[in-house]
Every structure is written in C-alpha cells, then in structure tokens.
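Some notes on the structure that comes next.
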Amino acid sequence: MDTADIRPLIERLESCAASLYRKDFLLTWEQPATDLHAVLLAAEALEHLWRANISTCVFDSGLAVSNFRDKSTRTRFSFASAASMLGLSAQDLDESKSQIAHGETVRETANMISFLTEVIGIRDDLFLGEGHKYMAEVAAAVEEGHREGVLPSRPAVINLQSDQDHPTQTLADLLHLQKTFGSLEALPGRKIAMTWAYSPSYGKPLSVAQGIITLMTRFGMNVVLAHPEGYDVIPELEQLAAQHAEESGGSFTKTQSMEQAFQDAEVVYPKSWAPYKIMAQRTALLRGGEAKKLKELERECLADNARHKDWECNDRLMSLTNRDASRGMSEAHYMHPLPADITDVNCDAGEVAANVFERHRLATYHEAEHKPYIIAAMILLTRCERPARVLTDLLDKSTPRRLG
Amino acid sequence: MDTADIRPLIERLESCAASLYRKDFLLTWEQPATDLHAVLLAAEALEHLWRANISTCVFDSGLAVSNFRDKSTRTRFSFASAASMLGLSAQDLDESKSQIAHGETVRETANMISFLTEVIGIRDDLFLGEGHKYMAEVAAAVEEGHREGVLPSRPAVINLQSDQDHPTQTLADLLHLQKTFGSLEALPGRKIAMTWAYSPSYGKPLSVAQGIITLMTRFGMNVVLAHPEGYDVIPELEQLAAQHAEESGGSFTKTQSMEQAFQDAEVVYPKSWAPYKIMAQRTALLRGGEAKKLKELERECLADNARHKDWECNDRLMSLTNRDASRGMSEAHYMHPLPADITDVNCDAGEVAANVFERHRLATYHEAEHKPYIIAAMILLTRCERPARVLTDLLDKSTPRRLG
Amino acid sequence: MDTADIRPLIERLESCAASLYRKDFLLTWEQPATDLHAVLLAAEALEHLWRANISTCVFDSGLAVSNFRDKSTRTRFSFASAASMLGLSAQDLDESKSQIAHGETVRETANMISFLTEVIGIRDDLFLGEGHKYMAEVAAAVEEGHREGVLPSRPAVINLQSDQDHPTQTLADLLHLQKTFGSLEALPGRKIAMTWAYSPSYGKPLSVAQGIITLMTRFGMNVVLAHPEGYDVIPELEQLAAQHAEESGGSFTKTQSMEQAFQDAEVVYPKSWAPYKIMAQRTALLRGGEAKKLKELERECLADNARHKDWECNDRLMSLTNRDASRGMSEAHYMHPLPADITDVNCDAGEVAANVFERHRLATYHEAEHKPYIIAAMILLTRCERPARVLTDLLDKSTPRRLG
C-alpha cells in the first residue's frame, strides 16, 4: 500500500469544513454534503493507514460504548474494530445485565455510562417511531450532562441502525459505489434499483431502503424504489428523496414491478423489509402489550410476504440490467448489507438466487469492508477538532501498528 | 482544566503513607484513615489528569477482571472506565458462560483467571453472610497463588458491593461531600440522615446504609440512621459506627422517625434496603433450596414494605432540613447511589418525590461521576509501589490522551 | 526475574525455521517439530518478559476474536490474556447475539468479523466430526478473503479445543513437562499414563486424550492409553500415536487396566471423556434433530459411566507409580487440564481422590499457567514474519509494562 495516496485525501478533508465536531451522527439527511464527503475521505485515509501498517491510535484510553437493541454481527464487529483501531476500549451496554428502567431514566443511564466515554453507538431498529427517538434522547442527555459539567467531554451518539436510517451502512455503500465507478463524480445519471425482495423472515427494518433512497438521490443517481403494494417506506422519506433528486439533478421514481426497476439499472439493491403499515401496527400493539395480536400480525405478515416469492433477484431479472456497466461486468452491480437470504442456501426461497449471489459474493464483502472505517471516521470527526491535522500527525510519525 | 491543581494533590498523596500496596480493598473499616485519604487524593489527581487530556495509562497491558453476581450498570461501566483509563483490558467473568463449581473450586477459579490480571472487582451483594466471605476467599486464593509462584503478581481484589460494604460508592460519596462542603475538614459537626425509604422492590442490599454509617462517623459527621421497626442493619456495624463517632468527635444515633432524621440535616440519604432479619432468613432458605418458602418470604417482605409507603423523601420532609446548608441551597443536599425509585416516574410510590429528585438530579450525577476515579485510585494504590511517583511521571510527560 | 535468560531463548527461536507465518494452528500433528519448538520457546520468552515487567505489545490495535461454542473459563481468560499482552482487543463472537445461519454462511461470517482481526480462536468440541471441520472452513474462508483483497491481512485461526485436538492445552502440558524434568531432552523413555477416569458428567470431549497421545509420543515418551472397554478414542489418532512412537523411539501401548497404566509411570493424566461410539451416535442424532433419543443416549451413557466408578486416581493407584520421579516427589507427577472432578469436593465420586488432588493442586496451577503464553506465542508466530526479531526489539527497548 502506497502511502503517497494518503496525503491528497487528507488535503481534501482539510478543505471540507466538516461541521461534525462535538455532534452526533444520526441521519444522513441532517448533515450537509461536506460532512458526508468528510466521512468518506477520513474513512479512506484511515483504511490506507491501516493497510500500510501505520498506527491509527487517536486515543490512548477511553470507552466506545455500544448498545445493541437488536441482534448484530457485522455492525458489532465493525464498531469494535473502529474502537480498537482508534485506541478505545469497546464496552457493550447489555440491557439484560443491567436494570434499565423505562421513561425518565434513559437520560440517567446515558450519563452514567459516559463519564469516560467518547462515543455511544446504538442499534434500535425494531419499532417504527422508537429507534431514532431513543437515540435523540440519549444525545440530549449527554449534551445536558456535558453542559452541566457532569461529563468531562461530550460523547458522540452514532446511529448503528434506527427505524429511519442506517448511515454506517449507506455511507459504506456510497464508498463502495465511489470505488466501483471511480469517483463520486461518476455517479450522476446512473440508475440504482432499490427494490424489495422476498424473505421468509418477518419484521426486517426499513432503514436500509430509506437510507439508500435519501442518500443516493443527493449524489445525482437515478433512484428507483420498487416494492409490492403495501410495502411502502415512511412517506416523508420518499418525499425527501424526491426533493434530493430535484436538487442534485438525479431522479426518484417508484414502481410496483421488480422488472421495471431492474431494466437498464447499473446497480441493483434487492432487500427485504417489512411493510410500513404493519410496522406501525406492530409498535402500537407492542406498546399496548398485546402479545396475542402481535402473534396474529406476524402470521398475517408472513402470509402476505409469501404472495411475493417472485420478488427474487435471479438471472432472468439480471438479464434486464445494463450490460455495459463499468469494470467489465456483463450485468448490474449487486449490493446487499448481508446476510442475504439466498434461495437454496440458507432458505428455500429468498431475496436472491444462489448463482447470482455467488457471482457477486466477493463484491458484497468489499461493500461490507468499508464499514469499520466509516464508523472510525465518524468518531474521528465528531471527537477531534482538527481531524486532518490528526491524520497528518499519524502519517508523519508512521508508528508501525504491528511489529515484525 | 488547570494542571497547577494536580501537583499539590500528588504531594499530599506522597505524605499519606498509604498501606494498600499488594493488598485488597474490601471494607473501608479495615483500612487506616491514611488509606482512605490516599484513595481520595489519587482519585482527584486522576480526574484532573483526565480532564486535562493527559494520559493516565499506568499499564500497557494486563487484565482487569470483573465478576458481577448481581446486575449492574453504573458500577460495571465505572470499573470498565477505570480499567481503560489505566490501560488495562476489562474482562468479565460471566459465570453463566463458565462452569464454575461451588465450594473448593473458588480458589482454583481465582487463580485460573489471574495469570496476567492486575485487579479482580467483585459484586456479590445478594445474600447476607455470603458476599464478603466470597471476596475474602478469592483474595486468599490469589495470595496463595502468588506466594507459591503460580501468579507473576498478586491481583488486588476490590469490593464492588458486598453484603457488608460498598466502598467504591461510599468513597465516591465522601469525595462528593468534600467537594460540596469545600474540604474534609468542613464535615465534622454536620448532620447526615441515612434513612430507609420505601421501594416497591425486594431484597435490596444493606451495604450502602452500612457503608455510610461506618464511614461518615469517621469524619466527624453527626450520623443519624433512620428506619421502620425491623429494618435494622447488621448490629456489629451499628456498634462500629458508634465507636467511630466516639473516636472522631462526631455522633451516631438511631431513630424510627424519618422526620426526626431529616430535622436540621445538611445531607439526606434516603434509600431502600431489605430488613436484616429477612435477609438472614433468605440466606438460610436459599442454602436449603427452599424455593417455595423463598417465594412466601418475598411476598411477606413486600407486604411489610407496603406498610411504610410514607417513608418517601418529599417536600414536607425536605422543609424540615437545614435551610442554611452551603452553596446556596435552601434545603439539605440529597444523595443517592442511583437508580432511585422516583414516585410517578419509574414507580407509583417510591423513595423520593419527583420534584425533590428533579431539584437534585444533576447533583446525584456529580455524586456518581467520581466512581470511575475512585476505582482507578484503588487499582493504582494496590498495584503500584510508588503511586505518587507514577502520577508525577504522568504529569511530567503530559502525553495527550486524545490527539487533535 | 533475570532478563539474561531471555536472549538464549530468542537465539534458539531464531534458528528454529518455524513455518507458521500466515498459517493457522489447528492440530499439532500437522506441524513440523520445529514449529512446536518455536511455540515453546516463544512462550517461554514471552513469560520471562512479562515477569520482568517488560512490555510485550506487538500490536497497538486490532482484534483477537474468540468463538466459544462450549463453556470455558480457563481458555477464555487465557485467550483474553494473550490478546491483552500483545496489545490486541479481545472480542467475543457470541452466536446467541448474532444471527448466524448455518451452512454456506460460515465463510461469510468468517470474513465479516475479520476486517481488522489478527487471530480467531475457536472452541468447538461438542460433536465428533464437527469441530475441526468448522475451524478448517473458517480458515479457508479468511484465506480466500485475503487472497481476494477483502481482508487487509490474513487472521490466524487457532484451535482452542476441537473434537480432535486441544493444542493450546497439550503444548502448555509439554512446557510443564519440560520444566518438571528440566528439558525436552529429558523426556524420552519416561512413562506417561493417559487414562480415562470416572466423572458423573456426560459428553466430555476426547481431544485432550487424543492430543496427549499424539504429542507426547513425538517426544520419545512411553505413552500408555488406558480406558474401560468402549471408551476408545478416534482410531486414526491411535494409529498416529503408534507411528509417532516408532519414529521417536518412544512407545505407545493400550490397556484396559488403570493399575497397569499407573505401574511405574512418572506422569499420570487421569481424565474423563465420552466413548467415541457414543459421541458418533450423538452427532448423528443431533443432525437428525432427535431430541428424545439424545436424552436416552445421555441416560445410557451415564449408566455406562457409573459402572466404572473404580477408575479414580487415588492413593492405592498412586502407590504403584514411579517413586523416583524427579524433584523429590515420592510418586508420579499428576496432570489435569482443570477443573477436575474431585471426589467429595465437587462431586460424590470423581476422577481423583481429594487427598491426591490436594498434594498436586499447585502443580496443576503451574501446568495451567503456561496457556496464555502458549496462545500468545501462536499469535506471534502466525502473525509476525520475524518473531525472534520482534522479541529482541521488545527486550532491547525494555519499556516497563507497569509504571511505578
């Protein structure tokens, strides 16, 4: 790995005027474009430093707290990796091992875990209307704690997937697209199909679809959102995607045909999610403690799903895509946050046919590879006043990360 | 944060003649006053260093093992924070993931987890007569292991709450009182009311009440212990509190009236605990495996509790307290280890009224804030032969903890 | 601890021509003798450095991932200790907190947890025919990931106990024998009895017995494997032990008499395991999801076990052993990976009588003590191209691990 590639990245970061210092990263659409560019540049620089065996330790101690309210492998390890590469100690807040009450005490817990904490990463994606609210509540609590002198510094709250957005995934996706097509400037005018796909499971979050349509429209792409009737995402976020497209010169369209979405697409992103209305009902039933009705809702939802087993990314659909996509592909680039439900591999019928997935498998690993660096970049930018200076110092010193 | 404040603290620590090196910290009353002063001074110095962004890494590797036999958020994160700030790797001994047998093998497990371990923090507060015994057994085992050459060094055992004492809490409380009133010398003659309060929960440990009455009497305070009939604490510890008061010129009195305790108090500490006799019965039933009788005991105990819902810290009681307490308060300082049972917030009737708690909420956060540094100070003093020298070195070097 | 002992170890390591760089450590019999010597030498050097308070940090960040598919205390803490001493962040892959699918996706998970990972330690010992297969699958997956540019470097997979071998235990045992008898050269011709012993538990892995008979035969020992009829180990591994003995000039014999095994032995290793055939049936039933038959099999197996309660290491048996064994023992050295089932201590009838265990208790702690350094040595040798150079650098710098 040539370290000569790193200085230009840092110089561009320097000129980014990022506004993330002492802030949180909860929703991409709350951040100006300069912040998104800064995250991508810092992530690339950190990845180059790591691959060149140069120490990336920005901290010599301090906690990186994670709070997973849903299961996670990839994001858990990405967060722990980001913590380690920056020199922080990862510490998981396992709510089953702590007696965390509801209501008023979120703000208390937020402060109690933050005395020596630099970042709090939260996954809370199970219930519409809940996840983002919880993250914002934690952020407000540590803001107050710092203002009142309780906390020596103000930990950043980072969204590791909420009911609304999944920024560490979608920015890793954006970095993947940048690398796939050569630059961010190469994205405008390219068609990306964000489509629903069948999965035998229930209650998958909507955040990836919402995150992709709102983010990629900012970069001039022609974004198509496809799903069967009833599988809408949050309406306000569709409107936001349309607005972004208008501003960037891209487009945002909707269809109920997977074929239409795939037609001439250069990128396809077939992924299951739960219907918005079901998710909304679910939250209401959950709040009311209606266990029996929740079970019925699940049955109903799975039955609904089963009527759309034809929403599978397979050869027939891929043959409709743009065969001139860059880098010698004879079909569109396939994206997925993983794990995918692969027909005949880990389920009888799923989001993608085995042969299609296999052709793109290593590409999905590359897509995933960026996530630790994206998270580390978010920590660097929210916690360090002069991130470009910090990266320059690391590069100048070039302390080997591994001896021998 | 001005680093000029740090050297005087270190100088005073230097002159403390602390005797903690290669020892444990299990019960405050086992330690001479010089050790307690040393813990407070080292904690303050560490907090100043942290707030001044100066590296506090005393170790470059090694384990800090925690063993929580009861749920914990605050103490878990305080311990992990203390480990991180000193450069140790926190590692939790989760007994559900390990097959730890009872009896003889405690001493074996203690050694097996200690080959590269600097400190073992233990919470074991559920059963009277058990927690302290377990900690002492672990301490004896690592003492033997070190003497016999099995362990390269002798890890310190630190009590993170036992059936008897909760020293990391009460020393953080003492530091809070020191800061509240300006100095330890300002404490003698001030009245502190350690009183029982109603809570809808069952089986809360007695250790905070026991720790407060035995510790604050050593610093010349006028300590009042208040509780309904039957909610006694361990009799020997009441006697010890009386003896401490006699030695220090303070006082130790008892009452069954919350009003009387609050009358003219400058500090109130209303907190629920289980009656001593019930806790003793509970241990006996548990050892006998009497699940049904344990359930009955719990019912009985909760019914007993419910007869004392009037033991709530509210405006009426606070109005009885000393209105001239320092720092411009118009009522006594309120203390609690958190989380508190707050009426109409996280329960229907609890230890404290919502408006009283809200007035003192940030003060309780400040009280909690000291705990990571108290634990770190205990590790420093038990593991380093010349702790003042170590702190001086850290200050002289002033390596930034966080870059940029 | 005199650091003068360290340079000769490093010099011998230098001349070892170890072939572990960028490899895994799964089975001792796959590694040439030079690799085994290298592991022992590096472990000794690391232990000396640690005991001399010299920093052993080879990495300044990066993950050490553990994946325990069976309960563990000793190995879990040994792995975490090894990670910490080298500067890595230990991160456990808890499959209950992640949605890990079966089949095809092992290779995916392996990559997803490895982006910044130096080592993956796996315990998978519950099912014959499964554990080693799983580890090999993980190793192949990260090999592919690295080859394809997904992973910046190739994490080593280390076997923390499989259905076949338990190399971190048996190499720690070998180091213990080396220290007990003075050198590896002192081992040829000494008799070691690897014998089954009664335990009230069910389904214990065969890996220690298999690991010991295949490893100690390579070092010229006279290995006797003893067990009741039906408690065979994997036949291929018995054949391998015989072949090793032939090559080294040692011997490998079998007996169904514990007495015969103990006769004149200098080392006895009495330890329970499940019969090979039962374990094979168990895997088949498990794959078939036959919960009821599994329960029956367990009952049957425990009843079988109970017919062999006389297979207990007690005074009578110890009196048959070699009374001239070195270091002033009046009986054979006793070994056990711990925890042992000790009669009248943690069970009514077990592997060893309480008085025999007590005489050897501290020796078993010393045996266990080596494991963290063995694991650290495996990481060093698999991850660093010039491990001897790395150790020399650490010694030359002699940065104190702990201040003060």
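Looking only at segment C:26-41, count how many residues are within 17 Å of the chain's Cα centre (by Cα) and not in a loop (DSSP other than H, G, I, E, B). Going through segment C:26-41 one residue at a time, the tally reaches 11. With respect to (1) in a loop (DSSP other than H, G, I, E, B); (2) within 25 Å of C:A110 (Cβ to Cβ); (3) touching a helix residue (DSSP H, G or I) at 6+ places or on another chain (Cβ under 7 Å), the lone exception for A:A18 is condition (2). Within segment A:348-382, the residues that satisfy the criterion of being facing chain C (nearest Cβ under 10 Å) and among the hydrophobic types (A, V, I, L, M, F, W, C) are A:A354, A:F357, A:L362, A:A363, A:A368, A:A376. Scanning for something under 22 Å from the mean Cα position of the chain (by Cα) and either basic (K, R) or modelled with pLDDT under 95 (or both), does segment B:94-104 turn up at least one residue? Yes. Quick one: is B:Q239 free of Cβ contacts under 8 Å to residues at least 40 places away in the same chain and closer than 28 Å to B:E185 by Cβ? Yes: the conditions hold for B:Q239. Just one residue in the set B:S19, B:S61 is under 22 Å from the mean Cα position of the chain (by Cα) and more than 22 Å from B:Q161 (Cβ to Cβ); that residue is B:S19.
Of the residues C:A193, C:A110, C:A140, the single one that is in contact (Cβ under 8 Å) with a residue 40 or more places away in the chain and either surrounded by fewer than 24 Cβ atoms within 10 Å (Cβ to Cβ) or of a type in the set (A, V, I, L, M, F, W, C) (or both) is C:A193.
Residues that are of a type outside the set (S, T, N, Q), out of contact with any Asp or Glu (no Cβ under 9 Å at 6 or more places or on another chain), outside the structural domain of B:A90 (by TED's automatic domain parsing) and part of a loop (DSSP other than H, G, I, E, B): does segment B:171-181 have at least one? Within segment B:171-181, none of the residues are of a type outside the set (S, T, N, Q), out of contact with any Asp or Glu (no Cβ under 9 Å at 6 or more places or on another chain), outside the structural domain of B:A90 (by TED's automatic domain parsing) and part of a loop (DSSP other than H, G, I, E, B). Say whether the condition of being within 20 Å of B:A172 (Cα to Cα), surrounded by fewer than 18 Cβ atoms within 10 Å (Cβ to Cβ) and at pLDDT 95 or above is met by at least one residue in segment B:313-329. For segment B:313-329, residues within 20 Å of B:A172 (Cα to Cα), surrounded by fewer than 18 Cβ atoms within 10 Å (Cβ to Cβ) and at pLDDT 95 or above: absent.
Here is the figure for segment B:348-368: residues that are over 21 Å from the mean Cα position of the chain (by Cα) and of a type outside the set (D, E, K, R) total 6. Within segment A:242-263, if we keep just the residues that are in contact (Cβ under 8 Å) with a residue 60 or more places away in the chain and surrounded by fewer than 17 Cβ atoms within 10 Å (Cβ to Cβ), the residue that is farthest from A:M335 (Cα to Cα) turns out to be A:G249. Just for segment A:383-404: of the residues that are within 14 Å of chain C (Cβ to nearest Cβ) and small (G, A, S), which one is farthest from the chain's Cα centre (by Cα)? The residue in question is A:G404.
If you go through segment C:15-50 and keep only what is in contact with a Pro (Cβ under 7 Å, 6 or more places away or on another chain) and surrounded by fewer than 18 Cβ atoms within 10 Å (Cβ to Cβ), you end up with just C:S19.
Candidates A:E259, A:E298, A:E312: the one that is under 13 Å from A:W196 (Cα atoms), over 25 Å from the mean Cα position of the chain (by Cα) and among the acidic types (D, E) is A:E259. Here segment A:390-404 is the region considered, the condition is being free of Cβ contacts under 8 Å to residues at least 60 places away in the same chain and in a helix (DSSP H, G or I), and the residue that is nearest to A:P32 (Cα to Cα) is A:D393. Condition check for C:D60 on (1) surrounded by 17 or more Cβ atoms within 10 Å (Cβ to Cβ); (2) in contact (Cβ under 8 Å) with a residue 60 or more places away in the chain: one failure, at (2). Of all residues in segment A:183-234, those satisfying the criterion of being farther than 22 Å from A:L171 by Cβ and of a type in the set (S, T, Y) are A:Y198, A:S199, A:S201, A:Y202, A:Y231. Under the condition of being surrounded by fewer than 20 Cβ atoms within 10 Å (Cβ to Cβ) and under 22 Å from C:T168 (Cα atoms), the residues counted in segment C:367-404 number 2. Restricting attention to segment A:172-182, does a residue exist that is farther than 21 Å from A:E369 by Cα and of a type in the set (D, E)? Checking segment A:172-182: not a single residue is farther than 21 Å from A:E369 by Cα and of a type in the set (D, E). If you go through segment B:350-368 and keep only what is over 21 Å from B:D315 (Cβ atoms) and touching a Gly at 6+ places or on another chain (Cβ under 9 Å), you end up with B:Y365, B:H366.
The values are calculated or read from the model by the stated rules, or taken from the named source; none is laboratory data. Fair warning: this is a prediction, and the values are worked out from it, not measured in the lab. Cβ: placed from backbone, ideal geometry, glycine included. Neighbour counts: every protein chain shown.
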